[in-house]
1. Just one of A123, A174, A114 is part of a strand (DSSP E or B), under 18 Å from F66 (Cβ atoms) and either touching a strand residue (DSSP E or B) at 6+ places or on another chain (Cβ under 6 Å) or modelled with pLDDT under 60 (or both); which is it?
2. Given the options T22, T13, name the one that is assigned to a helix (DSSP H, G or I) and either among the aliphatic types (A, V, I, L, M) or modelled with pLDDT under 95 (or both).
3. Go through the stretch 39-50 residue by residue and tally those that are touching a strand residue (DSSP E or B) at 6+ places or on another chain (Cβ under 6 Å) and either modelled with pLDDT of 95 or more or of a type in the set (S, T, Y) (or both).
4. Could you tell me whether G99 is modelled with pLDDT of 65 or more and either surrounded by fewer than 16 Cβ atoms within 10 Å (Cβ to Cβ) or in a strand (DSSP E or B) (or both)?
Amino acid sequence: MKRSSVGTWGLATALLVSACATTGGSTPQEKRQAVLSMRSEVLADLYRIKPHTKAEIASAPGYAVFSNANVNIIFASFGGGYGVVRDNKTGRDDFMKMGEAGIGLGLGAKDFRAVFVFRSRSALDRFVSSGWEFGGHADAAAKAGDKGGAVGGEALIDDVTVYQLTQTGLALQATVKGTKYWKDEELN
């Protein structure tokens, strides 16, 4: 595949992913409500699958829940999404966006949710203020609704535990990627 074709596919994929990663709603209030509803649903799913996480999240300085869409085309990976960070001490919610790009082998697309548990105040503050993560990722997913299964693993450091729940997708990938999280100016 020519370099220009790869670039065109990458651009088309990024546009597709960003379209899939929308909060819904037309007003900022409706968008915030959609994000908060997504958070409630994801936490309910996580607590059902891993009951111990309820106490873990409640005792942590804070946590974040993100909805992500990811597409991998041979040597390139692109993703986008949105979410909310909760400061358990102050009760403050910071609405955020995310985008990712990576290189590695893979093919497929998936829709997944991620829950970040911040084990220290400095990890929470650093995520909200700078929000950058860089790391490796490997997973396999074949899931539609309640059918199929998915395995995922992501190595993160710096006092943060991540739980990933795959909603739908068919993907096999091993990539090195960079992910950027930033405050959503419209919703904060």
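The values are calculated or read from the model by the stated rules, or taken from the named source; none is laboratory data. Model, not experiment: these values are computed from the prediction. So basically every Cβ, Gly included, is an ideal-geometry build from the backbone, and we count neighbours across all protein chains shown.
1. Checking each option against the conditions leaves just A114.
2. Details: T22 fails: assigned to a helix (DSSP H, G or I).
The conditions single out T13.
3. Adding up the residues that qualify gives 1.
4. yes
Quick grid of which residues meet (1) farther than 18 Å from K183 by Cα; (2) surrounded by fewer than 20 Cβ atoms within 10 Å (Cβ to Cβ); (3) modelled with pLDDT of 85 or more; (4) touching a strand residue (DSSP E or B) at 6+ places or on another chain (Cβ under 9 Å):
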residue	(1), (2), (3), (4)
S26	yes, yes, yes, no
Q33	no, yes, yes, no
H52	yes, yes, yes, no
K89	yes, yes, yes, yes
